[in-house]
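The structure under discussion appears below in the form of structure tokens.
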Amino acid sequence: MKMTFRWYGESSDSVTLKQIKQIPGCTGLMGVLDQYAAGEIWPKDIIKKYVDNVHAAGLEVEVIESVNVHEDIKMGTPSRDKYIENYITTIENLAANGIKVIVYNFMPVFDWLRTDLAHVIEDGSNVLYYDDNELQDMTPLKLVEETTKNSNGFSLPGWEPERLRELERVLDVYKGISTDKLLENYKYFLEKIIPTCEKLGVRMAVHPDDPAWPIFGLPRIAHKKEHFDKIIKLVDSPANALCLCTGSLGSNPDNDVPSIIRHFGELDRIACTHVRNVKFIGPKHFREASHLSSEGSLDMYEIMLALYETGFDGYIRPDHGRMIWDEIGRPGYGLYDRALGLTYLNGLWEAIDKNKKK
Ligand SMILES: [Mn+2]
């Protein structure tokens, strides 16, 4: 496996490449270029500048995240073909710069979602938090306003202002879209893009719905094992793969994360993984935690063991961390707790590896 760290780019991240380079055992990034709205072409020269900058810092970048799918593609409107063409051009431009995995999602309107971005926990740090009861009292617009207000001045992936301008109209269109229809639109998209990916040696990695259930009555099709069984068959190709996010899937205790890893790992459909812990509080109610097993509800040893035993050789990164030691950064994406998480995951991996080779 290749241990990586998410980085948003010089002007959009509180963490520097130099800091990332100094985390032991971190060899590269899962990169993000967050200046482009869904549907726009990411220009080759801008990607090159980003990649060259990362290489100059002594790090690799073979994974790019948040290449967002335009809402018209998900809704299946006639204008989708233009946006799919743009998406294909972006795939080509990324591949030309050495990118091998593209992380995206097919969630209608909302990307990941929390009701509190700085929930203070017992140790005095703060974490991302979700309570479905609180969501029931909120309109989608109110939630977006609150989220934007509390993000320390950073724009959150999936919450870019331009993406939300048309919120009301889009929410209305989705009232007529069933989960079957959404899957059909998804298949249409994959059928158009996967041949290009196969030709260029790029794997598309779909990120699970986060949290792992429907919200605001919108159709959601990617939050349990059965869903991904369907998705990988929409176009049956190794290029149609998963970004297995333990915290997103793990937000629903019905999802047995190690067994889901074993299932898709044996099929060789996990292109990359986000590994983090969550702590269950009640039904549809959880908060994030440090990566350590004993601090949350997921067994990180079993997660790493499942990856190891299925021969995982893709990219992995720690996911959201707590905000600790008075750091101010993008919610979930500070340096300190993610660096601790990365080191812990590397420790688990080393222990498993040495034990297996004894
Ligand atoms: Mn994730």
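Where a number appears in this text, it was derived from the coordinates with a stated rule and is not lab data. Nothing here was measured: the structure is a model prediction, and the numbers come from that model. When we count neighbours, we look across all protein chains shown, and the Cβ atoms used for this are built from the backbone with ideal geometry, even at glycine.
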Calculate one ³J(HN,Hα) per residue across region 174-189 by plugging θ = phi - 60° into the Karplus curve 6.51 cos²θ - 1.76 cosθ + 1.60, and present them in order as whole Hz with x for glycine and proline. 5, 4, x, 10, 7, 5, 5, 5, 4, 5, 5, 5, 5, 4, 4, 4
Kirkwood Rh over alpha-carbon pairs of the chain, then Stokes-Einstein at 25 °C and 0.890 mPa s: what D in µm² s⁻¹, rounded to an integer? 120 µm²/s
Options 333, 219, 17, ranked by Cα towards positive dipole end of region 2-357, top entry (Cβ charges): 17
Starting from 0.36 nm per residue, how many nanometres of slack lie between residue 180 and residue 237 once their C-alpha separation is accounted for? 18.4 nm
Highest-MSF residue in the chain out of 95, 306, 57 [GNM, Cα springs under 10 Å]: 57
Hey, what do the phi angles of region 8-15 turn into as Karplus ³J(HN,Hα) couplings, whole Hz, using 6.51/-1.76/1.60 and θ = phi - 60°, x for Gly and Pro? 8, x, 3, 8, 10, 9, 7, 9
Multiply the residue separation of residue 22 and residue 146 by 0.36 nm, subtract the distance between their alpha-carbon atoms, and state the gained length in nm to one decimal. 41.2 nm
The chain: calculated mean residue ellipticity at 222 nm from DSSP helix runs of at least 4, using -39500 (n - 2.57): -12000 deg cm²/dmol
Net lengthening on full extension, residue 11/residue 355 (0.36 nm per residue, minus Cα-Cα): 119.6 nm
Assuming R0 = 35 Å, what is the FRET efficiency of residue 92 and residue 167, from their Cβ-Cβ distance, to the nearest 0.05? 0.70
Can you grab the distance from the C-alpha centre of region 235-269 to the C-alpha centre of region 105-152, Å, no decimals? 24 Å
Pick from 201, 176, 332 the residue whose mean-square fluctuation is largest in a GNM of the chain, springs joining Cα atoms under 10 Å. 176
Share, in percent, of DSSP beta bridges within the chain that are antiparallel, nearest 5: 30 percent
Can you run phi through the Karplus equation (6.51, -1.76, 1.60; θ = phi - 60°) for region 207-224 and list ³J(HN,Hα) in whole Hz, with x for Gly and Pro? 8, x, 4, 9, x, 8, 6, x, 10, 6, x, 7, x, 9, 10, 9, 9, 8
In a Gaussian network model over the chain where Cα atoms closer than 10 Å are linked, find which of 131, 254, 123 has the largest mean-square fluctuation. 123
Dipole moment magnitude, nearest 20 debye, the chain about Cα centre, only Lys, Arg, Asp, Glu C-beta charged: 760 debye
